[in-house]
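See below for the structure under consideration.
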Amino acid sequence: MKKITTSLLALLMILSVTACSSVQEETFEGSAQGYGGTVTAKVTFKADKMTSVAVVAPDETEGVGSRAVEELPEKIVAANSADVDVCAGATMTSKAILSAVKQAIGKKNGETGSTTAMTEGTYSAVVAGHNGEMTVETTVDSTSILEVKIISHTETYGIGYGSVMTPVEVLPQRIVEHQTLNVDNVSAATVTSSAIKAGVRDCLTQAGASETAMSEAAPKANPTEAEYTVDIAVIGGGAAGLTAANTALDEGKTVLLVEKMGITGGSTVQSGGNIFAAGTTAQKVNGVEDSAEDLNQFLMSYDEDQLLNAEMIQDYAEHIAEDLDYLADQGVQVTYVTTAQPTLTPNRLHLTSPKNEIASGIGGGITVPLTKSMLEKGGTLLLETRAEALLTDEQGQVIGVQAVNQSGETVTIHAHSVILTTGGYGSNPEMTARFASFNPIFNSAASSTGDGLTMAGEVGAQIFDSNGLQLQYVDFNTGETGSTASGLVVDMQGKRLANEHSYQSVSAEAFKRENSAVNYYITATKDGVCAEPYPTVQYGVTLENAVKASSLEELATLIKVDPAVLKATVERYNDLCAKGPDEDFAKPADWMIPVEGDTYYAFARYPVAAATFGGLVIDAQGRVLNQDNKPISGLYAAGEVALTGVFANVYPSCGLAIGNSIHMARNAAVTACGE
């Protein structure tokens, strides 16, 4: 009997072990909207225990959202729960991960969907947008979203709002249409997009919906056909591309514009939206006397390196006024005429900002009306579509473009002519690596990755690797950029190199040539008072983290500069201030203020590049040239992708990059339509 009992117990133990070992792992998936795009979580369970969490979030910000992707899965598995703390500094990505995991848990528990039962009404939420607070209002009934409104915001015109493709206009419609918050962000406007969705989510939660409700993925926002046939294909939708498209449409051609981001605008929409021109209607209205001849002389005065194309410069000077008249016909309004810097007279800077200000992020005054005009004329616009290769025939003539749409599908565009307006390469680390000697920060549009250079190079285009940049040195603490203050600036050795009152890019070039990865604005206070009147300097001396010392020798040690060199530089500068004329760099006497006091300051300024020079070599008609300086049939270019011959190493004034983009785009389009 004992043997039988023992055998039964052994059998029961075997069966028990077998039963335990037979529990299979199961994986369930959830998704939610993160900061930059959709976040997906795959959660693997063994019985009721999580064994792994795998998160895929390709659109989250590297170094911010990516930390949440790396850190949270381990915490979730350890807690066997999605109720863990978010990753500091990555709240939106963290919440998306936790929401996706909760979805997966719900599916594992047999839940067929999230709770969508809501209390009817209109709800409001305040969220953080790109530039400040945004108020989102959402109206719901018991099971659906009826309406989404953006009540107030401070987003950027042409990026966050103002166009038929910007988030404030399109996302509310998409959310209501598809009854989900899991709609595509507008690329190039992800912060605004994410803020809108966060606001709607808050409203739904107030109404009683679960935080995972209405999260099914919506269809892709910008579907395309597989094949198109047009007269003119324009690649890139900034100022150059939009101008080229409008011009070709005016010539009676069929036009298709390919833009890889979710909005048009390129670098222009991030800029100040200024155009540098002479002999214009706006100048005459404002009593400014100027001429094309004077503008030509001014621009050619920057040809110290013999890199400018005199024919292109003269053509720009003579016709940019006509280009401005053309823009006016497309709805672009010049609001004011001024100068970027007191030394740049007469006033040639034409603003398109309704606030009559020189600032970044207001280029929508150009790109929004140009986009509207193009669409009204019947142009075709493909968004979220990346051009990857130029198509050629047996004779090497460019006959179209191969692209890839948002879904990864190939799009073939047959065209009589292709105009490349793809922008520069400031957001391509491999292409900018050659500037590593002074390590500039490239403040370029995300779309500026050199695509046009790569595609044209593959069909034999001539490319010039210019050392020039649209450059300035910026103090990120005070906001001093070289255009707002004119005091003493020294290099990494403590030496003065330039007239600090000259235009910011002119003085910056002197430091670039010395490979200065930083320069220092030197000033002083006496009894707490700074003699320099500039607001950025006055602000800087009040900062707690300001680098300061009671002597120049001590200050030099703090910034790792030879004390003897810095002291000698300041003494020489002060002597020149006492004399009046700046014998070293010809700075006007009115701006020569001595560095004297009982406390000395050094504001570190770092190189920031807004545009890259050089690129494709083109002629004055916009034809792309091959290695033998012959036009490549069917291929044209304009804008930052083709600034060879337009700028040498120095950027003479803001407004010239956009002005040239518009001018050469018109030339290229007219030429392409006529050949």
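The values are calculated or read from the model by the stated rules, or taken from the named source; none is laboratory data. Small disclaimer: the values here were computed from a predicted structure and weren't measured. Quick reminder, even Gly has a Cβ in these numbers, built from the backbone with ideal geometry, and neighbours come from all protein chains shown. Heavy atoms of the whole protein, side chains included, go into the accessibility calculation; ligands, DNA and RNA do not. Shrake-Rupley method; radii C 1.70, N 1.55, O 1.52, S 1.80 Å.
See the values below:
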read-out	value
Percent of beta bridges antiparallel (DSSP, the chain, rounded to nearest 5)	80 percent
Cβ crowding within 10 Å averaged over residues, with 478-484, 532-538 ranked highest first	478-484, 532-538
Å² per residue, accessible surface of the chain at 1.4 Å	43 Å²
Label-point separation in nm, residue 152 to residue 547, each point 7 Å along Cα→Cβ	4.1 nm
Helical mean residue ellipticity (222 nm; -39500 (n - 2.57) per DSSP H run of 4+; nearest 500) of the chain	-10000 deg cm²/dmol
For peptides 187-196, 410-419, sequence by mean Cβ density within 10 Å, most packed first	187-196, 410-419
Apportionment of accessible area to carbon and sulfur, the range 171-278, percent (1.4 Å)	47 percent
Segment residue 554-residue 345, length gained on full extension (0.36 nm per residue, minus Cα span)	71.2 nm
Alpha-carbon Rg/Rh ratio, for the chain, with Rh computed the Kirkwood way	1.06
Out-of-range pairs (alpha-carbon distance over 25 Å; input 260/630; 46/102; 377/630)	260/630; 377/630
Between helix 656-674 and the chain: long-axis angle, C-alpha atoms, 0 to 90°, nearest 10	80 degrees
Ordering of 327-336, 363-372, 387-396 by packing [mean C-beta count within 10 Å, highest first]	363-372, 327-336, 387-396
Beta bridge orientation in the range 105-260: antiparallel %, DSSP, nearest 5	75 percent
For the range 330-432, fraction of C-alpha pairs farther apart than 23 Å, in %	54 percent
Accessible surface of residue 348 - all protein chains present, 1.4 Å probe, nearest 10 Å²	10 Å²
Volume of the Cα convex hull of the range 450-550, divided per residue and given in Å³	128 Å³
Where only alpha carbons of the range 195-334 are counted, the Rg and the Dmax (Å)	22.9, 69
The range 411-492: radius of gyration and largest Cα-Cα distance (Dmax), Å	17.5, 57
Carbon plus sulfur fraction of accessible area for the range 34-138, probe 1.4 Å, in percent	49 percent
Convex hull volume of the range 622-661 per residue (C-alpha atoms, cubic angstrom)	67 Å³
Inter-part distance where the range 630-675 and the range 146-219 are each reduced to a Cα centre, Å	37 Å
Amide H contacts of residue 279 (H built 1.01 Å from N, under 5 Å, at least 5 apart or other chain)	290, 291
The range 516-606: Cα Rg divided by the 2.2 N^0.38 Å rule of thumb	1.05
Accessible surface of the range 564-670, 1.4 Å probe, proportion on carbon and sulfur as whole %	50 percent
Acute angle (nearest 10 degrees) that the helix 563-579 long axis makes with the longest principal axis of the chain, alpha-carbon atoms	50 degrees
Cα Rg, Dmax, the range 184-271, angstrom units	18.3, 56
